[in-house]
1. Name the residues in the stretch 513-528 that are under 14 Å from A493 (Cα atoms) and part of a helix (DSSP H, G or I), would you?
2. Out of (1) closer than 28 Å to H273 by Cβ; (2) outside any helix (DSSP H, G or I); (3) at pLDDT below 90, the odd one out for R143 is which?
3. Within the stretch 105-128, how many residues turn out to be more than 19 Å from L207 (Cα to Cα) and crowded, with 18+ Cβ neighbours inside 10 Å?
4. Being surrounded by 16 or more Cβ atoms within 10 Å (Cβ to Cβ) and not hydroxyl-bearing (S, T, Y) is the filter here; which residues of the stretch 270-284 pass it?
5. Suppose we keep only residues that are surrounded by 15 or more Cβ atoms within 10 Å (Cβ to Cβ) and either without any contact (Cβ under 8 Å) to a residue 12 or more places away in the chain or in contact with a strand residue (DSSP E or B) (Cβ under 9 Å, 6 or more places away or on another chain) (or both) within the stretch 129-144. Which one would you say is farthest from A434 (Cα to Cα)?
6. What strands (runs of 3 or more DSSP E) completely inside the stretch 157-240 contain at least 2 residues that are within 22 Å of R89 (Cβ to Cβ), modelled with pLDDT of 95 or more and in contact with a Cys (Cβ under 7 Å, 6 or more places away or on another chain)?
7. If you scan the stretch 264-293, which residues turn out to be closer than 15 Å to E238 by Cβ and in contact (Cβ under 8 Å) with a residue 60 or more places away in the chain?
Amino acid sequence: MDDDATVSAADIARLAGVGRAAVSNWRRRYPDFPPPVGGTASSPLFGLSAVAGWFRARGKKFELSAGERAWQRLRALGDDLDLAERVSRAGGFFAFQAGISDTFDSELDDPELLTLLSELTHQAGPVEAFELVCRRYFEAHSRRLSATPEPIAELMARLAGPVSTILDPACGFGALALASGAKTVLGQDSDPMTASIAALRLRLRGLEVEVHAVDALREDAFAGRTAEAVLCDPPFNERAWGHDELVGDARWEYGLPPRGEPELAWVQHCLAHVEPGGTVVILMPGAAAGRRSGKRIRGNLLRAGAVRAVVTLTPTGPDLWLLRRPAPGERAPSTVLLGEAGDDLSTVEESWREFGEHPESGVRIIDLLDDDVDLTPARRRTRDEDPGLAFQAVRTRFAELAPELPPLEAAAAEPAFTTIGELVKAGFVEVKYAPVRADAEHPPAEAGDVVASVTGIAYVHSGPPRPVGAGLTVYRVDAERLDAEFLAGCLRAADLPAASASTRIDSRRVRIPRVSLAVQREYGEVFRRLAEFDAVLRETAETGRELVRLGFAGLVGGRLRPGH
């Protein structure tokens, strides 16, 4: 085992088959747990050999697979800043092993690493071997890297339809190309190592690949060339995208993109590279559908029949735009689909299929060509709904809510109290603060962590780890001594003081009842039910207001009449 290899707490948890909270508990409980050898206070790194020795001394299972050993050796050979380059070189070695390259990078000359990579190739095959290395790299840099989520990538590929050639002008690590099933892939990415890794992932699958490491807007590597479909997840809100130097560019068929509308530059770039009648599927920020600065281009896209659908994938975005390059002499369509996916992405395909069969069900383009040219699906929904039918649906929903308060009774005496500050000192809980700046590194919330804000929000996080928002605080509890739901309820009940104008929470003086873990869990369950009751009350109030609005609109519009 490489004596220089280091692992994070997340690595240790994965290798030991436990959660991150268990690693934090071990560090607090056992004085002989290996101390950090690097990293930062919030993201420490530990010596792999020392950690493995600690596990074995306690008879705990801690065996490294060939893939883990290869990854740890690869990571130990240099700084993390150069890790992408080493991952790319490893991909070149796998390509050599697969017989699609005659040689591999001579700088990958570490005998131990080459032995481990060869062993991994023998066990898993070159394709899966490189995918394992890539997955570990993505995990190690999850806060820095932006990748299209796999379900969204697969949805975009299905909407594009079965095609043999695609182009992705902001290809990243190749997620959209891999999902597409195309045999020929044309791609660009401004980062050389990202482009190299994408090309290797695709070539290892036997695809015909051409990937260029240059910015697609400033240096169009495929000028004059087209593909059957274009899939794109471009960078959002980039102000320095080349507006001044691209003023007269031939791609701006629908109008010069304003300086603050780089996404509309990407839309037109994609349309310029798809065959007549071909499909463009692109992710866009929600604001791009309604910003006034982009209304002229949106209007031109609508008049030409280039925009076929705008669908909001999540309440906070992004939107998915489906576009079609008009064929010469083709009559422009009269409607467009505006929709929302809700909780199920499969509804997007169903809506698209139904719209194709019944285009009259869409929104009339002529109705969109007003002073705003607003394509925001949510706004169109409220404007176009039938108040009579909506009133019946909302009334049914209102009747179904019926909130139920959990049973509570008067207590005989006030319990003894401690504070969060004391619990931190005793090792019951670890507190991590997220900075107010959105572009700073934020701590992740893991399953079982309590997340709280100065505004009184407090909840127990579930699901995969996810960085928390600006200004929030993460409380990582020792689950064997402190119940997370109990702590969340206490935080929600507290009048949390802010430590400064930055709105960072100072929870050290928050009082916590000093009760046994069994009683904490009993309280925690009631706290959870109270929170659910509050959520239902809020939804009931919102639904009631919507019911009143629809009642007035339906009566005035003739869709409802007084009942008896």
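The values are calculated or read from the model by the stated rules, or taken from the named source; none is laboratory data. Remember, it's a predicted structure, so these values are computed and weren't measured experimentally. Cβ sites come from the backbone with ideal geometry, for glycine too, and all protein chains shown count toward neighbours.
1. Y523, G524, V526, F527, R528, listed by residue number.
2. Among (1) closer than 28 Å to H273 by Cβ; (2) outside any helix (DSSP H, G or I); (3) at pLDDT below 90, the lone unmet condition for R143 is (1).
3. Taking the stretch 105-128 and keeping what is more than 19 Å from L207 (Cα to Cα), we get 105-124.
In the following step, the residues that additionally are crowded, with 18+ Cβ neighbours inside 10 Å were identified as 108, 113, 116-117, 120-121.
Adding up the residues that qualify gives 6.
4. Of the stretch 270-284, the ones surrounded by 16 or more Cβ atoms within 10 Å (Cβ to Cβ) are 270-274, 278-284.
Hits for the stretch 270-284 are C270, L271, A272, H273, V274, G278, V280, V281, I282, L283, M284.
5. Ranking the qualifying residues of the stretch 129-144, first place goes to A140.
6. Working: elements: 165-168, 184-188, 208-212, 227-232.
Where strands (runs of 3 or more DSSP E) fall fully within the stretch 157-240 and carry at least 2 residues being within 22 Å of R89 (Cβ to Cβ), modelled with pLDDT of 95 or more and in contact with a Cys (Cβ under 7 Å, 6 or more places away or on another chain), they are 184-188.
7. Answer for the stretch 264-293, where residues must be closer than 15 Å to E238 by Cβ and in contact (Cβ under 8 Å) with a residue 60 or more places away in the chain: W266, H269, L283.
For (1) surrounded by 14 or more Cβ atoms within 10 Å (Cβ to Cβ); (2) modelled with pLDDT under 80; (3) not assigned by TED's automatic domain parsing to the domain that holds R20, each residue gets a yes or a no:
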residue: R492; (1), (2), (3): yes, no, yes
residue: Y523; (1), (2), (3): yes, no, yes
residue: R528; (1), (2), (3): yes, no, yes
residue: E532; (1), (2), (3): no, no, yes
residue: R559; (1), (2), (3): yes, yes, yes
residue: H564; (1), (2), (3): no, yes, yes
